[in-house]
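Q: Sharing a structure, written as structure tokens. Questions coming.
What follows is calculated from the coordinates using simple rules that are stated; it is not laboratory data. Because the structure is predicted, anything quoted here is derived from the model rather than measured. Because the Cβ atoms are built from the backbone with ideal geometry, glycine has one as well, and the counts that use them run over all protein chains shown.
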Amino acid sequence: MLTALVLICSMTTTPDLQACSDENAQSVIRVPTDYGSPVACLLHGQAYLAQTEIGQELAADERVKVICAPSQRAPAMVLRANPNGRSPRPE
């Protein structure tokens, strides 16, 4: 199964969106549902972000990247990006 992770990266610190990763993202949001196909994972990741306050209030220099990771790896990726257990931006 795959989990959608939505990465919010600053173009100031990561000008190349391909270089945006869970290690340098400002925020990593885990979509709470698992998916069987990469296409469903990506589409639902985008839709999930669009419904959040963060998704509706992105700064001009912020970009979004949705990645699909194996469900068992996702918790560690989110924790690495948000070590205090919370998103660094208010939701």
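Q: Quick one: Asp61, Asp16, Asp34, fewest Cβ neighbours within 10 Å first, how do they rank?
A: If I rank by nearby Cβ atoms, fewest first, I get Asp16, Asp61, Asp34.
Q: Next question, about the same structure. Going by amide H atoms built from the backbone, whose H comes under 5 Å of the H on Val66, apart from near neighbours?
A: So Val66 has HN proximity to Leu7.
Q: Further question on the same structure: If each residue of separation counts as 0.36 nm, what is the full-extension length gain between Gln72 and Gln18 once their alpha-carbon separation is subtracted?
A: Full extension of this stretch gives 17.1 nm more.
Q: So what is the relative contact order of the chain, in percent, for Cα pairs below 8 Å that sit 6 or more residues apart?
A: 44 percent
Q: Let me ask something else. I want the local charge near Met11. Using Cβ-Cβ distances under 10 Å, sum +1 for each Lys or Arg and -1 for each Asp or Glu among the other residues.
A: Result for the neighbourhood of Met11: -2.
Q: Near Lys65, within a Cβ-to-Cβ distance under 13 Å, what is the net charge of the other residues, with Lys and Arg +1 and Asp and Glu -1?
A: -3
Q: Which ³J(HN,Hα) values in Hz, rounded to whole numbers, follow from the phi angles of segment 53-61 under the Karplus curve 6.51 cos²θ - 1.76 cosθ + 1.60, where θ = phi - 60° and Gly and Pro get x?
A: Per residue, the Karplus-derived 3J(HN,Hα) values read 5, 4, x, 8, 10, 5, 6, 4, 9 Hz.
Q: Can you give the helix-only mean residue ellipticity at 222 nm for the chain, where every DSSP H stretch with n ≥ 4 adds -39500 (n - 2.57) and the sum goes over all residues, rounded to the nearest 500 deg cm²/dmol?
A: -7500 deg cm²/dmol
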